[in-house]
Structures are given as C-alpha cells and as structure tokens.
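> This structure is in structure tokens; I'll ask about it shortly.
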Amino acid sequence: MNGQPLLEVRGLKRYFEQQSGWLMRRRRVVHAVDGVDLTIWPGEVLGLVGESGCGKTTLGRCVLRLIEPTAGEITFAGRDLLHLDPAALRQARREMQIVFQDPISSLDPRFAVEESITEPLRTHTNMSRAERNEQALTLLREVGLDRQHMGRYPHELSGGQCQRVALARALVLHPRLLVLDEPTSALDVSVQAQIISLLMELKDRYDLTYLFITHDLGVVRYISDHIAVMYLGKIMELGPTREVFEEPLHPYTKALLASVPIPEPRAREWDFILQGNVPSPVNPPSGCRFHTRCPMAQAVCREQEPQLRQVAPDRWVACHLEEER
Ligand code: SF4
C-alpha cells in the first residue's frame, strides 16, 4: 500500500500479575498479549478474531493506551504513542475512539443522550452549548435516531439504540480510528445487521479506519479488508479477508473456519474440529502455542516457536509447516 500506515504496532506485550492462594501470596504472570505486530492503513477495516481469552480485547485497549503496554511500540499517524507528552497524547486520543460490546453499560446511566454525546465536546473544545447541541443532533440523525431521543436515558432505549448513541458519541470529536470491540455481539441478530451496515456507511462518510474485534467470523468476513487471527496472545495468521477465508494457511485458522457453516462441507479440504480448550495464558505451551491442539503438530512444534513471517504477497503465517509460496 502507498502512503503512511495509520497505526503500526511492533512487538506489543501486555502482561498482568495475578495474585491467588492463601493470603494472595501466589503471584502469576498472565501473558495476555505477547509480542504482536500489526499494521492498519488509512480507510482499512482490520478484523481481529480469535476465541475468547485470546488477548484481542487487551490488544485493542493497549492500542488506545486505555491499558499501558508492558513493552513494544505503537505509532499512530507517524507519532510514537508511548512517548508523547500529555498534551500530544490528549490530541491523539481525540483521533482514536472505542465502541464497547455492551451498549447499555458503556453509556453513563445518569446522562441523557444529549449529555452523553456532547460531553466529549465540553471536555475537548470551546464550542458553545448551542453549537454542541447542534452537533449532537446532527450526529444523532447520522446514526438513525432523531430529536425525540435527545432527552432519553440509556434505560429508556433498546440495545441497538444505545449502540447508535455510543457510535454518535465516539464520532463527535471526528476520530480517524475506531476500535470496535465486539460492537454487535450483545445485540439481537436483526439489529446486528443494521448496526453493521450503519458502521459501513459511517466509515465511508467520515473517512474512518476500523480495528474490528470479534469472535464472529460471519461478521468479520462481511466487514473486513484484512483479518488477523489471534491465539493465546499472538497473531497466527494475517492476510486479505477473502484469501484467508478461501485458503486459510494456519491450522488454527482452518479449525476456526471449520466451525462456520457452508452449503457443501465436502468442498473444504481442511475441515477439522478444534479439540480441547485454550491453554492458560499463565503458562502458555512451549514452542508453538497451538501445538497442544494442533492435529499436524510435530516434534519441532513443541520446542521452537514459529515466527509470523511473510509466505506470499500480503500473506503472513506463524507455522513451521508453512513454506514460502
Ligand atoms: Fe501446528 Fe506446528 Fe504449525 Fe503450530 S507450528 S500450527 S503446532 S504445525
């Protein structure tokens, strides 16, 4: 791609200390994100997928510095996000917003819709109250609501309406990047489809870039340009969505896609069922983290960790068995 990436993540790690046992004396380290590299280009939708507990939500929060990374680099629009002074970080945060999974609890129950949407403007701009309200109304209409919703509180709205308000609030400062953390998984199926098409409309209208975090492969196939598959804190495969769906290279991607129904299951050469549970991120398996569940695992997989490497134009995979094409 030409130009400058909007977001570049290099070697990102986030470890948590967990205390347990008698008097909380036992300390364990959770390797939630363990050396992730990602690039997102302006206007792109990157889908980040994986089973729950794989670290994708932690990664999304680290990117916005809602959680401080343990190590690594994050560059946003050419700026080194981990070494900005407070004023520059404040400015960068205006340009990156997040929409959470649970639309009702993501809004302050004490705020009516109007206050929820105008609150970032009050904090970050010198706009008058009338200007702020005008802006809120414009955005409310953009997300499919209207003036009658301005005075309502979250408990008076449906889940889908709350998610529309959360989107209006996220857009009010004209961000460039939206981190969408399972934005439809708490909604009814019919409402999910409406929110997904709204997201695609807003992306074009506001020139947005999305990091779309989800466990829903159907949604990610529809919305994403590229897909990154995450397992136990690491990226296992990365590539254009269509290519990854048509010809997954990593055994974990193959297993994930095997769970998505297709009309003619025999058409898949790589159909196999994922066995067992995701191992603990406290003591991730040695070598390839997927070896305890991988039907193709070999001796080398238990000893050496495969690196994420390019095997074809725009295709990246972390597996010892995958040759360059
Ligand atoms: Fe399976 Fe080995 Fe590839 Fe890991 S490196 S995915 S264990 S074949």
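The values are calculated or read from the model by the stated rules, or taken from the named source; none is laboratory data. Here the structure is a predicted model, which means the values were calculated and not measured. Here the Cβ positions follow ideal geometry from the backbone for every residue, glycine too, while neighbour counts run over all protein chains shown.
> Within segment 145-153, identify whether any single residue is in contact with a Ser or Thr (Cβ under 7 Å, 6 or more places away or on another chain), in a helix (DSSP H, G or I) and either at pLDDT 95 or above or surrounded by fewer than 19 Cβ atoms within 10 Å (Cβ to Cβ) (or both), and answer yes or no.
Scanning segment 145-153, I find no residue that is in contact with a Ser or Thr (Cβ under 7 Å, 6 or more places away or on another chain), in a helix (DSSP H, G or I) and either at pLDDT 95 or above or surrounded by fewer than 19 Cβ atoms within 10 Å (Cβ to Cβ) (or both), so the answer is no.
Matching residues to (1) out of contact with any Leu (no Cβ under 8 Å at 6 or more places or on another chain); (2) surrounded by 18 or more Cβ atoms within 10 Å (Cβ to Cβ); (3) not in a loop (DSSP other than H, G, I, E, B):
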{"site": "Gly35", "(1), (2), (3)": "no, no, yes"}
{"site": "Ile67", "(1), (2), (3)": "yes, no, no"}
{"site": "Arg93", "(1), (2), (3)": "no, yes, yes"}
{"site": "Leu121", "(1), (2), (3)": "no, yes, yes"}
{"site": "Ala130", "(1), (2), (3)": "yes, no, yes"}
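> Report yes if Leu137 is surrounded by 14 or more Cβ atoms within 10 Å (Cβ to Cβ), outside any loop (DSSP other than H, G, I, E, B), touching a His at 6+ places or on another chain (Cβ under 9 Å) and not small (Gly, Ala, Ser), otherwise no.
no
> Taking segment 265-308 as the region of interest, how many residues are within 22 Å of the chain's Cα centre (by Cα) and modelled with pLDDT of 95 or more?
The qualifying residues number 4.
> Being assigned to a loop (DSSP other than H, G, I, E, B) and exposed (fewer than 12 other Cβ atoms within 10 Å of the Cβ) is the filter; apply it to segment 273-306 and report the residue that is nearest to the ligand (Cβ to nearest atom).
Pro295
Here is a yes/no grid of residues against (1) touching a residue at least 12 places away in the same chain (Cβ under 8 Å); (2) surrounded by 23 or more Cβ atoms within 10 Å (Cβ to Cβ):
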{"position": "Gly159", "(1), (2)": "yes, no"}
{"position": "Thr184", "(1), (2)": "yes, yes"}
{"position": "Ser197", "(1), (2)": "no, no"}
{"position": "Glu201", "(1), (2)": "no, no"}
{"position": "Arg205", "(1), (2)": "yes, no"}
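> Given the criterion closer than 23 Å to Thr184 by Cα, touching a Leu at 6+ places or on another chain (Cβ under 8 Å) and crowded, with 18+ Cβ neighbours inside 10 Å, identify the matching residue among Ile74, Ile40.
Ile40 is the lone residue from the list that is closer than 23 Å to Thr184 by Cα, touching a Leu at 6+ places or on another chain (Cβ under 8 Å) and crowded, with 18+ Cβ neighbours inside 10 Å.
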